[in-house]
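Here the structure is laid out as structure tokens; the discussion comes afterwards.
The values are calculated or read from the model by the stated rules, or taken from the named source; none is laboratory data. It should be emphasised that the depicted structure is a prediction, and the values quoted were computed from it without experimental measurement. A quick note on method: Cβ atoms are made from the backbone with ideal geometry, for glycine too, and the neighbour counts reach across all protein chains shown.
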Protein chains: 2
Amino acid sequence: MVTTVMVRSAKVHPMSSLGVRSTKQRTAVAAALAELDDFRSTQEIHEYLKDRGDSVGLTTVYRTLQALSAAGDVDVILREDGESVYRVCSTSHHHHLVCRQCGHTVEVEGPAVERWADSVSAANGFTSVSHTLEIFGLCSNCSH
Amino acid sequence: MVTTVMVRSAKVHPMSSLGVRSTKQRTAVAAALAELDDFRSTQEIHEYLKDRGDSVGLTTVYRTLQALSAAGDVDVILREDGESVYRVCSTSHHHHLVCRQCGHTVEVEGPAVERWADSVSAANGFTSVSHTLEIFGLCSNCSH
DNA sequence: TCTGAAATTGACAGTCATTTTCATTTAGCC
DNA sequence: GGCTAAATGAAAATGACTGTCAATTTCAGA
């Protein structure tokens, strides 16, 4: 699943031919994400591509991953050490159960949590809210 | 992302004479935290102390804040930009509603969320879990 | 009160993820 | 083929945080 060749904003202004171009670098990053099934850092993806032969500049990997996450095509989370890690995910809103050891990830949903977050925010007069909810632990394999 | 740390104040090891000493720098940092009621970065606290006259080395502020959070005396969260911010909090487990603009913070509790996180983890065979749940938004003042 | 070992401090250099700069290459439209 | 905005990437810059280590301070015991 997941193809993602980075088609962002739908209709653009008629006059300005602002367009997101399709390049081999972007294709390579998207492919890497599709192959790597767990959360990976920019550096790891860059390394992966290099080892694979499809070398892409580190700067470009950074930019591409940010664009992909901004477009909602991949999920980003801040690891406990503060580093950003990316992963292709289902489109619906969800959270993650991430193994601290091997990075294995399980997508989880919690409609009740979303509702709770919304109501708590509203009750306190907060607007433009977003929330982060990730669970870190050791998966069954890494537990022992 | 780092949630509320759960380590309690350490009982000093009986045999070793390891002791945490009381210094004016630590007192100053603790005082600053008590005065600044919202989440602040290490740099901000360092700056605050300097302006106040109780200048403390930046390195020391870093170390002290980390020690305090490791001891469970203050809460740490990773801001959306990845920077760690600290704040004195109630001792019970809770989460935060943080204003992206001014940093104003409201502590919130969600027993149901805790239970949900635990059951989801268990259902997937995860152990040693910890979770992060923070809500960022604009408080009523900053909304307009 | 004095003393010395261990704890602490802080200036400074180092690390490392991420960003900026900018000159050089492309993709995609004519 | 030619053109131009978009994209790339090497190198330098940024910024948070950590490591080093000589100098300073705390505090338990004499």
> Can you tell which of A:127, A:64, A:60 is in contact with a Ser or Thr (Cβ under 6 Å, 6 or more places away or on another chain) and hydroxyl-bearing (Ser, Thr, Tyr)?
Replying inline: A:127
> Among the numbered criteria (1) out of contact with any Gly (no Cβ under 9 Å at 6 or more places or on another chain); (2) at pLDDT 95 or above; (3) crowded, with 19+ Cβ neighbours inside 10 Å, which single criterion is violated by residue A:103?
Replying inline: (2)
> Within segment A:84-99, restricting attention to residues that are in contact (Cβ under 8 Å) with a residue 40 or more places away in the chain and closer than 21 Å to residue B:125 by Cα, which residue is surrounded by the fewest Cβ atoms within 10 Å (Cβ to Cβ)?
Replying inline: A:96
> Would a scan of segment B:96-104 turn up a residue that is closer than 27 Å to residue A:66 by Cα, assigned to a loop (DSSP other than H, G, I, E, B) and at the interface with another protein chain (Cβ under 7 Å from one of its Cβ atoms)?
Replying inline: no
> Within segment A:112-144, can you find the residues that are facing another protein chain (nearest Cβ under 7 Å), touching a residue at least 40 places away in the same chain (Cβ under 8 Å) and farther than 14 Å from residue B:137 by Cβ?
Replying inline: A:134, A:135, A:136, A:137, A:139
> Quick one: in segment A:51-94, which of the residues that are touching a helix residue (DSSP H, G or I) at 6+ places or on another chain (Cβ under 9 Å) and closer than 22 Å to residue A:117 by Cα is nearest to the other protein chains (Cβ to nearest Cβ)?
Replying inline: A:76
> If the Cβ limit is 7 Å and pairs must be 6+ apart or interchain, which residue in segment B:56-83 that is more than 8 Å from DNA strand D (Cβ to nearest atom) and among the polar types (S, T, N, Q) pairs with which residue that is modelled with pLDDT of 95 or more and assigned to a helix (DSSP H, G or I)?
Replying inline: B:60/B:25; B:64/B:25; B:64/B:26; B:64/B:29
>> Can you say whether residue A:33 is within 19 Å of residue A:139 (Cα to Cα) and away from DNA strand D (no atom under 13 Å from the Cβ), as far as the supplied structure shows?
In response: no
>> Of everything in segment B:24-70, what is over 26 Å from residue B:100 (Cβ atoms), surrounded by 19 or more Cβ atoms within 10 Å (Cβ to Cβ) and away from DNA strand C (no atom under 12 Å from the Cβ)? Give them in sequence order.
In response: none
